[in-house]
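The values are calculated or read from the model by the stated rules, or taken from the named source; none is laboratory data. Note that this is a predicted model, so its numbers are computed, not measured. Quick reminder, even Gly has a Cβ in these numbers, built from the backbone with ideal geometry, and neighbours come from all protein chains shown. Side chains included, ligands, DNA and RNA excluded: accessible areas come from the protein's heavy atoms. Shrake-Rupley method; radii C 1.70, N 1.55, O 1.52, S 1.80 Å.
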Amino acid sequence: MTSHKLTLIICLLMVFSGFGQEKDFTSNLYSTYGKYKEATLDKRRIKHNDIQPLINKLSTNPKFKVTVVGKSIEGRNLSLISIGTGATDVFLWSQMHGDEPTATQAIFDIFNFLTSGDFKNEKENILKNLKLHFLPMLNPDGAEVYQRRNTLGIDINRDALALQSPEGRTLKRVRDSLDADFGFNLHDQSTYYNAERTDKPATISYLAPAFNYEKDINEVRANAMKVIVYMNQIIQKYAPGQVGRYNDDFEPRAFGDNIQKWGTSAILIESGGYKSDPEKQEIRKLNYVSILSAIYSIAKGNYKNIPISDYDKIPENDRKLFDLKLNNLTYNLLGKNYTLDVGIHQLEVDDPSHSTYYNSSRVVDQGDLSTYYGYETLEGKGYSMVGGKVYPKILPSIKEVSQLKALDLLRSGFTYVRVENIPKSENYVSFPINVIGKDYKVPEFKMRVGVIPNFILEDKGKPRYAVINGFLIDLKSGEGNFKNALILR
């Protein structure tokens, strides 16, 4: 055997050995996650006051350096949290859109991991080779009212050129001062994205943004692509088929595109949807595993051996998901039967404090939806859509309605109960019957895009399913993924 071949074999063994170690590490990250999850952050609508005590605690830990690097328009601190002594700088920022908090929670899980006594060898490898810098919740004013834009009303992610916002100026200044080798731009995306040509939600989507209109690939962008390919391999183990790739059309105003252009390998991570995970806590866990796995690969340098050709094999994002999809329903219009598919979104409405929400669903499409998918799907062939009836008695209060057997009412075709006195502050009820005011006129049942979906599905003239505020209820078993009905005045 020639010395050249022997050297090649040794190199390959070293590479595969390194990847084997990383595989064990990432598997353990997933299985032990519960030990590091930050318990005080368990809902999506987190605010600056929720994370500030955690940042204050980190500032007392000598391993961390916490620096206030800017303030939001309303005066909330923007803090940079750094750890590690390595020569490679990695910069991570989250929630530049105020209603995209999943990765912010994951960052605080990562802090718990870094301050624990576990995974000593892996953490030593990370911290001696890298210097990690985190800027969580870049848009705290938007987070306060759970909105995408900042108080000025602009999208910070379209402010990389004009730099009108103090939040955008802070991000640019920190990026320039660090001149980081890698940058992680952490976002949430619509839960209605799916992996192209599949019924799988795009639970996690990645992008190595283009730095010019030609979408050229230089070493900086190629390194981002390699890390993304590695993260995709990891996430496929826990959410198979549920990874998408964002469109890479160049956006000259966007921070990700410009940060790539400025010489930092920019990696966009978008948190989408996951079935039965409305608060995105499983997706938060996937962020934690994905980000720490990427960081470890960067520390080890193993990402360098990954072919960028695998990047384009990740399916692109598509937007063809509904919360509820009903197939092949019979709909009678002017005496003639038609077959309709119906797509429903269970939309969220914030409460006044922006700390929780209720659902007010809408029909968003109908007709031939054969190329679309649903988190929940019913094959409705043979079922006829009919409007629900109003319960004949007027009840004095919502309390009396709650004492009725809602399922029995639905089985009799009733979807509304009229109430004499309804508090002005209440907009929804937790039982599956819509409450209407004493003077409310229930509209004639017509299937139209934009209407609130309230109807009965009959099988041979008998109620079989009910759709109440866009939630499907099986009238035989009583089961359904029900959240709330509405109060209509």
Scope segment 194-220; condition part of a loop (DSSP other than H, G, I, E, B) and open to solvent by less than 50 Å² (accessible area, probe 1.4 Å); matching residues: T198, A202, T203, A208, P209, A210, F211, N212
Lone qualifier among E279, E270 - being open to solvent by less than 30 Å² (accessible area, probe 1.4 Å), out of contact with any Leu (no Cβ under 7 Å at 6 or more places or on another chain) and outside any helix (DSSP H, G or I): E270
Single unsatisfied condition, F113 versus (1) outside any helix (DSSP H, G or I); (2) in contact (Cβ under 8 Å) with a residue 60 or more places away in the chain; (3) more than 19 Å from the chain's Cα centre (by Cα); (4) surrounded by fewer than 24 Cβ atoms within 10 Å (Cβ to Cβ): (1)
Where a residue in segment 310-337 is without any contact (Cβ under 8 Å) to a residue 60 or more places away in the chain and its partner, wherever it lies, is open to solvent by less than 10 Å² (accessible area, probe 1.4 Å) and part of a loop (DSSP other than H, G, I, E, B), with Cβ under 7 Å and at least six apart: K325/L369; N327/G380; N328/G380
Qualifying position, being in contact (Cβ under 8 Å) with a residue 12 or more places away in the chain and within 30 Å of F471 (Cβ to Cβ), among G256, G263, G241: G241
For E124: the one exception among (1) open to solvent by less than 10 Å² (accessible area, probe 1.4 Å); (2) free of Cβ contacts under 8 Å to residues at least 12 places away in the same chain; (3) not hydrophobic (A, V, I, L, M, F, W, C): (1)
Members of segment 130-157 found to be open to solvent by 10 Å² or more (accessible area, probe 1.4 Å) and within 20 Å of the chain's Cα centre (by Cα), listed by number: E144, V145, Y146, Q147, R148, R149, D155, N157
Residue that is most open to solvent (accessible area, probe 1.4 Å) [pool: residues in segment 384-434 that are assigned to a helix (DSSP H, G or I) and under 16 Å from L472 (Cα atoms)]: R411
